[in-house]
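Reading through the structure tokens given below for one structure.
The values are calculated or read from the model by the stated rules, or taken from the named source; none is laboratory data. Predicted model only: the values in this text are computed from it and were never measured. With ideal geometry, Cβ positions are generated from the backbone for all residues, glycine too; neighbour counts draw on all protein chains shown.
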Amino acid sequence: MAGHKKGVVHMVQQYLLASDFDQTLSFNDSGVVLAELVGVQGFHDKVRGLAQINLVQQGAELSYLILHDPEFRRIRREHLIEAGKLIRLKHDVKLFTKTLDTLADGYKFNFHVISAAPQEIIQSALEGIVAPENIHGTKFYYEPGNGEVKAIVRASAGWGKVTVLEIASAVDCGTVIHPAAAAGQVTGAATQGLGLALTEYFDWHNGAPTDPQFKDYPIPSAAMMPRIGVKARSSRAKTPKRSNAVTPTACAHRESAIVVSPNPTMSRR
């Protein structure tokens, strides 16, 4: 960027400055404030439980709970905005952002907030301090009729970690003989793929496995799995004799582990 004054060109150097929100700009976790607002007990216990199953990585627990936990399902957009008003910011956050605008001549600092907390909470808490377009939090899709959270549009889990919030599967498996059985096969294949990608791992020492028990080798259970939507399509192609709808759908989900784990460097423990 350049400015002109009496034939002199002044170059302005621009810098992007990004910050987390929870316990960085605020004193407490957004989830704690929201849970207290709606009367949900044991928020930290729920978070610890999610941490143990590995399907939800650090930072995205609140989003997962809002989408799946029965007690959090009653949360609406107005609750998130109200919770933001209750969050206690750290001292001089507003002064800090103003200082960036006049810190030094020839420099421009663009301050953005990137967090896994719900975007409505952050925008409400930082109203008049940080521009809404500079806040990047978890974004929900709300049911138009009742305002219920129906899906996650964007989730910032942070640190390159993977968080599976929902699985949508569409499979062309030929002639669907038994729709319920076909959907069950797809769900099972997705569960196996998710386990291989995020929770299951063999560790060996001196030729023997160090995790021979299920408590050390976690296989995803129904309670651990995110919501899975299955859409089976019957193609017009002729189905070979002695084949059925189950085997092809299972084969189609051999790529589940790749789909849910785009970061090959993530830890599986």
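Structure notes:
- Residue check, residue 138 within 18 Å of residue 30 (Cβ to Cβ) and in contact with a Ser or Thr (Cβ under 8 Å, 6 or more places away or on another chain): yes
- For residue 29, the requirement of being in the same structural domain as residue 103 (by TED's automatic domain parsing), under 15 Å from the mean Cα position of the chain (by Cα) and modelled with pLDDT under 90 is not met.
- The conditions of being modelled with pLDDT of 80 or more and among the aliphatic types (A, V, I, L, M) are met by residue 181.
- Count - residues of region 29-44 that are small (Gly, Ala, Ser) and either crowded, with 19+ Cβ neighbours inside 10 Å or touching a residue at least 40 places away in the same chain (Cβ under 8 Å) (or both): 3
- Any hit, region 195-206, residues being charged (D, E, K, R), over 21 Å from residue 174 (Cβ atoms), surrounded by 10 or more Cβ atoms within 10 Å (Cβ to Cβ) and at pLDDT below 75: yes
- Some residue of region 116-126 being over 26 Å from the mean Cα position of the chain (by Cα) and in contact (Cβ under 8 Å) with a residue 40 or more places away in the chain: no
- One residue stands out among those in region 207-220 that are among the hydrophobic types (A, V, I, L, M, F, W, C) and assigned to a loop (DSSP other than H, G, I, E, B): the one that is surrounded by the most Cβ atoms within 10 Å (Cβ to Cβ), which is 219.
- Flag if residue 86 is more than 28 Å from residue 143 (Cα to Cα), at pLDDT 85 or above and over 18 Å from the mean Cα position of the chain (by Cα): no
- Among the candidates 146, 110, residue that is surrounded by fewer than 17 Cβ atoms within 10 Å (Cβ to Cβ) and either farther than 27 Å from residue 20 by Cβ or outside the structural domain of residue 24 (by TED's automatic domain parsing) (or both): 146
Matching residues to (1) under 27 Å from residue 155 (Cβ atoms); (2) at pLDDT 80 or above; (3) polar (S, T, N, Q):
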residue: 216; (1), (2), (3): no, no, no
residue: 220; (1), (2), (3): yes, no, no
residue: 235; (1), (2), (3): no, no, yes
residue: 244; (1), (2), (3): no, no, yes
